[in-house]
Amino acid sequence: MERVPVHGIEVFLTIVREGSMRAAASALGVGASAVTLQLKSLEEQLGIELFFRTTRSIELTEAGKVLFDAAAPAHRDLTYAIKKTREMARSTTGTLRLTLSRGAYIEALAPVLKAFLSEHPGISLDISWNEELVDIIRQGFHCGIRMGDVLTQDMIAVRITPPIKSAFFASPSYLQAQGVPKSPGDLLNHRCVRHRHPTSGLLRQWWVTEDGQDRQIDPPARLIFDSAAGVIQAAREGHGIGWSMKATMADHLMTGDLETVLEPYTKDLPPFYIYYPEQNKRVECLRLLIEFLKDRARNNAVSL
C-alpha cells in the first residue's frame with residue numbers, strides 16, 4: 001500500500017491558504033527552510049511541480065490545482081475527525097460499557113450508582129452482568145469490575161473495595177433435616193452446592209479460617225452451578241450448603257429463606273478492582289467513574 005505524505009500535503013495546503021512560503025512557515029510555527037524542504041520532498045515523491053514560483057508570487061500549477069481540489073476537503077475531514085476524537089477523550093458525556101458480576105455490582109457499583117449518575121448526568125452506563133472474565137477489548141467494553149484473584153496481568157487495575165465478607169449458608173429446612181455443621185470438617189458429611197468458574201472451568205475453592213490459619217477445603221459437590229445466583233437459589237430450595245459473598249444473599253438472610261452457618265470460620269474474599277486496558281486510560285468518563293469509586297472507598301476509610 002502506497003504511503004500518503006501527510007506532512008508534505010499539510011505544508012502544501014498551508015502555502016495555498018496563506019499565499020506564500022514565508023506566511024506558511026509562520027502559520028505552521030517552523031522555519032522557512034523547513035517549509036521549502038517539505039514542499040520539495042512532496043514534489044519529488046509525486047514526480048511533478050505543484051507551484052510556479054517567481055521572486056514576487058507563487059501560483060498553483062495544473063497538477064497543484066488537482067491536488068488542492070482533492071486534498072483540501074479530505075484534510076478538513078481529517079482535521080475534524082481528529083478534533084472530535086480529542087473531544088471524546090476529554091468529554092464528560094457519553095456511554096461507558098462495563099462488564100461485572102452480580103456480586104461486583106452489589107458490592108462495588110450499586111452503593112454509588114445513584115450518586116454517580118446524579119453528579120454526571122451526561123454519562124450513561126451500559127452494564128453487562130457476566131461471571132466470565134471476558135475479553136473486554138475484543139467485546140468492546142471500556143472496563144470491568146472483578147475480584148483481584150481473577151484479573152489478567154495485562155490490565156491496569158484500581159482497588160475500589162475492602163476485602164469482601166463471605167458466608168456459608170443453607171435453608172432452615174435443610175439444616176433442620178440434616179443438622180447444623182459445627183466445624184469445617186463437618187462439611188464433608190453434608191450435601192454441598194458448589195460454583196464452577198465459567199472462565200477457567202474449575203470449581204471455586206472454599207476457604208475457611210481455623211485456629212488462626214487460612215486453608216482450603218474441598219467438600220463433595222452434590223450440585224454445581226456456573227453462577228453464584230444458581231448456588232444461592234439451590235440453597236434456598238433446600239438442596240444443601242453453599243458458600244459465596246454474604247452481600248449477594250443479604251435479602252434472603254433478612255427474610256429467613258437462608259441462614260448462615262460456620263460464622264467463626266469464614267474467611268474474607270479478595271477486594272474488587274476496576275480494571276481497563278492501557279488505551280482507555282485517557283477516556284474522561286472512565287476517569288470520572290474510577291475517581292468516584294475511589295472516593296467512596298476513601299470515605300469508608302479503606303486504605304487503597
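FYI, it's all coordinate maths here, none of it is from the lab. Quick caveat: nothing in here was measured; it's all calculated off a predicted structure. Using ideal geometry, Cβ is built from the backbone for each residue, glycine included, and neighbour counts are taken over all protein chains shown.
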TODO: Please report the Cα spread of segment 1-140 along all three principal axes, rounded to whole Å, starting with the longest.
DONE: 74, 35, 24
Open item on the list: As an exercise, identify the trypsin sites (Lys or Arg not before Pro) in segment 1-82 lying in DSSP coil whose Cβ has no more than 12 other Cβ atoms within 10 Å.
Closed with: Arg3, Arg56
Task: Counting DSSP beta bridges with both ends in the chain, the antiparallel % (nearest 5) - done: 65
Open item on the list: Using the Karplus curve 6.51 cos²θ - 1.76 cosθ + 1.60 with θ = phi - 60°, what ³J(HN,Hα) values do you get for each residue of segment 13-20, in whole Hz, with x for Gly and Pro?
Closed with: 5, 5, 4, 4, 5, 8, x, 6
Task: For Gly238, residues with placed amide H under 5 Å, excluding near neighbours - done: Ser171
Task: Cα centroid separation - segment 20-88 against segment 166-193, whole Å - done: 78
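Can you compute the charge dipole magnitude of the chain about its Cα centre, using +1 on each Lys and Arg Cβ and -1 on each Asp and Glu Cβ, nothing else charged? Give it in debye, rounded to the nearest 20.
Magnitude of the dipole: close to 460 debye.
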Open item on the list: Which three extents, in angstrom, do the Cα atoms of segment 80-229 have along their principal axes, listed largest first?
Closed with: 69, 31, 30
Task: Amide H contacts under 5 Å for Arg196, placed H, 5+ residues apart - done: Arg204, Phe225, Asp226, Ser227
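Regarding the chain, what whole-number volume in Å³ per residue does the convex hull of its Cα atoms give? Don't jump to the answer; show the numbers that get you there.
Numbers: hull volume 57.9 nm³, N = 304.
Hull volume over Cα atoms, normalised by residue count, gives 190 Å³.
Counting other beta carbons within 10 Å of each Cβ, put Ser244, Ser57, Ser41 in order, fewest first. Please list the in-between numbers first.
Working: Ser244 23, Ser57 10, Ser41 14.
With the fewest neighbours first, Ser244, Ser57, Ser41 line up as Ser57, Ser41, Ser244.
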Task: Order of Leu98, Leu289, Leu37 - criterion: other Cβ atoms within 10 Å of each residue's Cβ, fewest first - done: Leu37, Leu98, Leu289
TODO: Work out from phi, with θ = phi - 60° and the Karplus expression 6.51 cos²θ - 1.76 cosθ + 1.60, the ³J(HN,Hα) of each residue of segment 179-196, listed in order in whole Hz, and give x for Gly and Pro.
DONE: x, 9, x, 9, 8, x, x, 5, 4, 5, 9, 10, 7, 10, 10, 10, 10, 9
Task: Arg138-Lys294 FRET efficiency (beta carbon distance; Förster radius 25 Å; 0.05 resolution) - done: 0.40
TODO: Note down the nm distance, to one decimal, between modelled labels 7 Å out along Cα→Cβ at Ala115 and at Arg22.
DONE: 6.2
Task: 5 Å-binned pair-distance histogram of segment 166-265 (Cα, whole percent) - done: 2, 14, 26, 27, 20, 9, 2, 0
Task: Length released on extending from Ala81 to Thr199, taking residue separation times 0.36 nm less the Cα-Cα span - done: 38.7 nm
- [ ] Give Lys165/Lys281; Lys267/Lys294; Lys114/Lys246; Lys114/Lys294; Lys83/Lys114 a once-over and call out the pairs whose C-alpha atoms are over 27 Å from each other.
- [x] Lys165/Lys281; Lys83/Lys114
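Report the FRET efficiency, 1/(1 + (r/R0)^6), for Lys182 and Thr93, where r is their Cβ-Cβ distance and R0 is 45 Å, rounded to 0.05.
So, using R0 = 45 Å, E works out to roughly 0.20.
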Open item on the list: If R₀ is 51 angstrom, what is the calculated FRET efficiency for the pair Gln233 and Asp154, using the beta carbon separation as r and rounding to 0.05?
Closed with: 0.90
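For segment 165-213, which trypsin sites (Lys or Arg not before Pro) pass both filters: DSSP loop (anything but H, G, I, E, B) and at most 12 other C-beta atoms within 10 Å?
Lys182
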Open item on the list: For a quick check: with amide H placed at 1.01 Å from N, whose amide H comes under 5 Å from Glu210's, ignoring anything fewer than 5 positions away on the same chain?
Closed with: Arg215
TODO: Would you mind giving the three semi-axes, in whole Å and largest first, of the ellipsoid equivalent to segment 1-84 according to its Cα gyration tensor?
DONE: 19, 16, 13
TODO: Let me have the 222 nm mean residue ellipticity of the chain computed from DSSP H runs of 4+ only, each contributing -39500 (n - 2.57), with the sum over all residues rounded to the nearest 500.
DONE: -11500 deg cm²/dmol
TODO: Set Lys and Arg Cβ to +1 and Asp and Glu Cβ to -1, take the dipole of the chain about its Cα centre, and tell me which of Ala157, Ala247, Ala81 lies farthest positive.
DONE: Ala81
Open item on the list: Below 8 Å between Cα atoms, with a sequence gap of 6+, how large is the relative contact order for segment 166-265 in percent?
Closed with: 46
